[in-house]
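Shown next, in structure tokens, is the structure this report addresses.
The values are calculated or read from the model by the stated rules, or taken from the named source; none is laboratory data. These numbers were taken from a predicted model, which means no experiment stands behind them. Positions of Cβ are backbone-derived with ideal geometry, glycine not excepted, and every protein chain shown enters the neighbour counts.
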Amino acid sequence: MSDEIEPRQLAPAHLPEEMPADGGPGGGSTSLPPRPPGAPSPDDLQAVFDVPVKVQAVLGRSRMDIGDLMRLKPGMVVELDRRVGEPVDIFVNNRLIARGEVVLIDATLGITLTEIVRKEG
């Protein structure tokens, strides 16, 4: 059995499952906006679809002495630097790329992305 978890595609809770044929209020098209000139198409990226990446969802962090770490036992609580309801940081290959919320899907924990972090520069 593999340790890999298959990602699921979930619609954000705040978006309707289907948009009206007229594109919703104000009319318009339901098609995606045009790509900027020079932007890669999905076909151009096909070669990297199978490249493995390390994805981490960080609930919070804590600092402790090694002695305290060695005394940890099952059931003990480690206090983190985040509060309940604060966003979870999502890292890809040790680079912050998004923030999200923890969700429970069929007794499995998951993350709903709420914000994409863009590198300024």
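For segment 15-72, which residues satisfy the criterion of being over 23 Å from Ile116 (Cβ atoms), at pLDDT 75 or above and assigned to a loop (DSSP other than H, G, I, E, B)?
Those that are over 23 Å from Ile116 (Cβ atoms), at pLDDT 75 or above and assigned to a loop (DSSP other than H, G, I, E, B): Ser62, Arg63, Met64, Asp65, Arg71, Leu72.
Among the listed residues Ala107, Ala39, identify the single one that is of a type outside the set (Lys, Arg) and at negative phi.
Just one listed residue meets the conditions, Ala39.
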